Amino acid sequence: MSTVEQSQAASDNSAYRRGLLLVILAGIIWSSQGVAVKFMIGADAWQILFYRSVSLAIFLFFVVAIRSGGKPFAAFRALGSGAILGGICLVFAFSGSIVAVKETTVANAFFLFAAAPFLAALLGRILLGEKIRRATWIAMTVALCGIVVMVAGQLGSGRLLGNIAAIASALGFAVFTIILRWKRLGDTMPIICYGGLFAAIIGGVACLYSGVGFELAPLDLSISLALGVGQLGLGLVVYTMGSRYVPASELALLAMAEVVLAPVWSYLALGETMSLQTAVGGALILGAIAGNALSGMRKRPPPVIP
């Protein structure tokens, strides 16, 4: 290998490590949602979606404005229909997860959400031509086994609508991940802003037609707005930044750190007990994430998206 090739390999490996850390950090940030919601007094899921999405859209608009040098609308126009499609995918991811939890068991929902890494890997292979490492297939399978262990004994038929919503949520997140890796797109932050805007519309309509309205206790409103900026918004920004350096087949897998840490935060902050199944399943998922990351750093990763 020539000196230039060695230098390029070192640069790619450094970028890959940076991407790994960013995507795992996104999962850590997202894992705080459960604890935050537990502190709420009585907010409905659609109210949370509405206010969280409103603050997300506003936060991301300012992020885009700063990154574009004060020309946010030019940044939106530069992405064209790709940003709108990505925003729609996020709506499916956001709304689908809420409907899933409302209409089926939490165990069913989490089990079906675990399809996201597999869907992202397959779509990345078909649409982007990204190769899927054998280690990544093994890691995804181990992670799925971890999910099965965590929810074993709780899986049921549930309601068909809830199961379909969970699959739609996983597919929406997978397609969003693919769009982030699409090489013809530049700054992809406007995609998240669109997602927040569209989800706010869906949440607002649901609040009106379900009869729950928009009135919230001050604490619930504060937490919902904070979730949009500090939990969902910041997590998506970090995830999007990391997506430039990590293949689509690995992005959703690394973000599963959220599943592992959510019960840990509940135990530390709320004193909720953690079952042996949860601990063993979480260890399997964590091992899969760590194993895939370590194996990836030993190989030269794909080129960084310009």
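Based on this model, can you work out whether GLU258 counts as in contact with a Ser or Thr (Cβ under 6 Å, 6 or more places away or on another chain) and not in a helix (DSSP H, G or I)? The answer is no for GLU258.
Evaluated against (1) at pLDDT below 80; (2) β-branched (Val, Ile, Thr); (3) within 18 Å of the chain's Cα centre (by Cα), VAL151 falls short on exactly one condition, (3).
Between SER2, SER68, which is open to solvent by less than 60 Å² (accessible area, probe 1.4 Å) and modelled with pLDDT under 80? Lay out the reasoning, then the answer.
Working: SER68 fails: modelled with pLDDT under 80.
Residue meeting the stated conditions: SER2.
For ALA143, state whether it is small (Gly, Ala, Ser), in contact with a Ser or Thr (Cβ under 6 Å, 6 or more places away or on another chain) and modelled with pLDDT of 85 or more. It is false that ALA143 is small (Gly, Ala, Ser), in contact with a Ser or Thr (Cβ under 6 Å, 6 or more places away or on another chain) and modelled with pLDDT of 85 or more.
Scanning for something at pLDDT below 85 and on the phi < 0 side of the Ramachandran plot, does the range 166-173 turn up at least one residue? Checking the range 166-173: at least one residue is at pLDDT below 85 and on the phi < 0 side of the Ramachandran plot.
Against the conditions (1) open to solvent by 30 Å² or more (accessible area, probe 1.4 Å); (2) closer than 27 Å to LYS131 by Cα; (3) within 15 Å of the chain's Cα centre (by Cα), ALA290 satisfies every one except (3). In the range 67-93, the residues that are closer than 11 Å to CYS193 by Cα form Cβ pairs under 8 Å with partners that are not in a helix (DSSP H, G or I), at six or more places apart or across chains, as follows: ALA83/LEU185; ALA83/THR188; GLY86/THR188.
Table: residues versus (1) more than 14 Å from the chain's Cα centre (by Cα); (2) modelled with pLDDT under 90; (3) of a type in the set (A, V, I, L, M, F, W, C).
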| site | (1), (2), (3) |
| --- | --- |
| GLY195 | no, no, no |
| ILE201 | yes, no, yes |
| ILE223 | yes, no, yes |
| VAL229 | yes, no, yes |
| GLU250 | no, yes, no |
| LEU253 | no, yes, yes |
| TRP265 | yes, yes, yes |
| GLU272 | yes, yes, no |
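Apart from one condition, VAL264 fits all of (1) open to solvent by 50 Å² or more (accessible area, probe 1.4 Å); (2) out of contact with any helix residue (DSSP H, G or I) (no Cβ under 6 Å at 6 or more places or on another chain); the exception is (1). For ARG52, which of the numbered conditions (1) under 25 Å from VAL259 (Cβ atoms); (2) open to solvent by 70 Å² or more (accessible area, probe 1.4 Å); (3) in contact (Cβ under 8 Å) with a residue 60 or more places away in the chain; (4) of a type in the set (D, E, K, R) fails to hold? The number of the failed condition is (2). Report yes if VAL259 is of a type outside the set (S, T, N, Q), surrounded by 15 or more Cβ atoms within 10 Å (Cβ to Cβ) and closer than 22 Å to ILE48 by Cα, otherwise no. It is true that VAL259 is of a type outside the set (S, T, N, Q), surrounded by 15 or more Cβ atoms within 10 Å (Cβ to Cβ) and closer than 22 Å to ILE48 by Cα.
The values are calculated or read from the model by the stated rules, or taken from the named source; none is laboratory data. In this text the structure is predicted, and so the values were computed from the model without any measurement. Positions of Cβ are generated from backbone atoms using ideal geometry, with glycine treated the same way; all protein chains shown enter the neighbour counts. Remember, those area values only see protein heavy atoms, side chains included, never the ligands or the DNA or RNA. Shrake-Rupley method; radii C 1.70, N 1.55, O 1.52, S 1.80 Å.
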